[in-house]
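The values are calculated or read from the model by the stated rules, or taken from the named source; none is laboratory data. Every value quoted in this text rests on a predicted model; they were computed, and no experiment measured them. As a convention, Cβ positions derive from the backbone with ideal geometry for all residues, glycine included, and neighbour counts pool all protein chains shown. We work out accessible area using only protein heavy atoms, side chains counted, and drop any ligands, DNA or RNA first. Shrake-Rupley method; radii C 1.70, N 1.55, O 1.52, S 1.80 Å.
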Amino acid sequence: MPSYFYIAKNTLGQTVTGTREAKDEHDLAGLLRQENLYLVRVDVLHSADRSPLTSRSFSLVSSILNRVGARDLIFFARNLAVMVGAGMPVLRSLEVLEQQSESRTFQIIIQEIAEAVRQGVPLSEAIGRQEKTFGPIFKNMIAAGESSGKLPESLKVLERQIRRNYELTKKIKGAMYYPAIIIVAIIGIAILMLIYVVPTLVETFRDLKIELPLSTRVIIYVSESLVTSSFFVLGGLIVVAGGIISFMRTPSGKRVLSWLLLRLPIFRDLNKKLNLARFSRTLGSLIGSGVPILEALGISASVLRNPYYSQALLRVREGVEKGENLSHALGGFEKLFPPLFVQMVNVGEETGKVGGMLLTIALFYESEVAQMTKNLSTLIEPIMMIFIGTAVGFFAVSILQPIYSVVGGI
């Protein structure tokens, strides 16, 4: 049953706020009328785009992995904005969010934030103590909202920022599921054939006493290795896979992966537009919330996952600190920031609306990324077909060639 945050009036005209579970808004209004309360405004505290089963499953997985996901952060920013905007004290709002969160890990984090606020610590500083969960952008945008007296507006901007990044990431991951499933299926079928089919053919070849080509000998060697030393082969594969994953998590590994993504034909444009979209939305949101541009550039550099863009932004920040225009400083990295991007930022500087222009740029590149992810399957499909055809052809020729040579010699 969904949970609602409501604002109501009693018979004396006094405002009453609270949270309650109900089947829907009409059911909530009926329950409140029984208490002589008349509903003025209502907001759903649980995400409407998640079914109860999906919500529980997601929270269970999140708790098992001991991490807070993007959906939890969206839930936090959206509902805190609603409650604070309705006049509910921050501490009371945090207590409600703690009760409504379905992730035990996130409940503990919110509880720690609430305890810090109860001791007189500002919300931005309390969230800053949980930077591993929220990141630097949360603390700084909330601090800007507190100083300007527009905390609900800053929280709404945060919610849009996180949701956009989450949607872009989900689209890209979704486009990669198809080739990943195909590759796993091919590897699985190949292993089964090497273990169960090839050994039978090997016995036939030995009985015929024919000379085998190199490709056939390679397949037979791999098959025998899997059959006789499957434990060592499997262990070796796990060690290699673990080594690669561990390396990719190091700064050097991230640089290698980022270098490849910026140069591979299929992913090059997609990766650039994704980073430009994230950078534009992050910097535009921070500037729009009143964060100084130098601080906003530093935060944007820490948010982007591509080290090449992060290092470029730190150098851009140094240039701006020395008095350069933002567009001029960005223009020094033409391979990362294309001329169109730089010109649009320049227009924003000339009109005095850099933050708004950056958000417009973000919308443009986000739509480009969305379109490219739709076309990604179409682009990858012929490559996958060539890969599958080559693998099947190599296996078929290697197995059938000795048979044909025997048939031809009869």
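General observations
- 3J(HN,Hα) from dihedral phi, segment 206-218, Karplus parametrisation 6.51/-1.76/1.60, rounded to Hz, x for glycine, proline: 5, 5, 7, 6, 10, 7, 9, x, 4, 4, 5, 5, 5
- Charging the Cβ of each Asp and Glu at -1 and of each Lys and Arg at +1, and nothing else, the dipole of the chain about its Cα centre rounds to 280 debye.
- Of the residues 266, 291, 239, the one whose Cα sits farthest toward the positive end of the charge dipole of segment 227-322, with +1 on the Cβ of Lys and Arg and -1 on the Cβ of Asp and Glu, is 266.
- Label of the coordinate-derived value, mean projected area of the Cα convex hull in nm², listed as [x] 18.6; [y] 19.8; [z] 28.2: [z]
- Descending principal axes extents, segment 175-238, alpha-carbon based, whole Å: 49, 24, 19
- Taking each of 170/272; 156/273; 132/335; 150/171 in turn, the alpha-carbon distance tops 26 angstrom for 132/335; 150/171.
- Top of 346, 375, 79 by mean-square fluctuation, Gaussian network on the chain, Cα under 10 Å: 375
- Given a 1.4 Å probe and the protein chains as shown, residue 156 ends up with an accessible area of around 100 Å².
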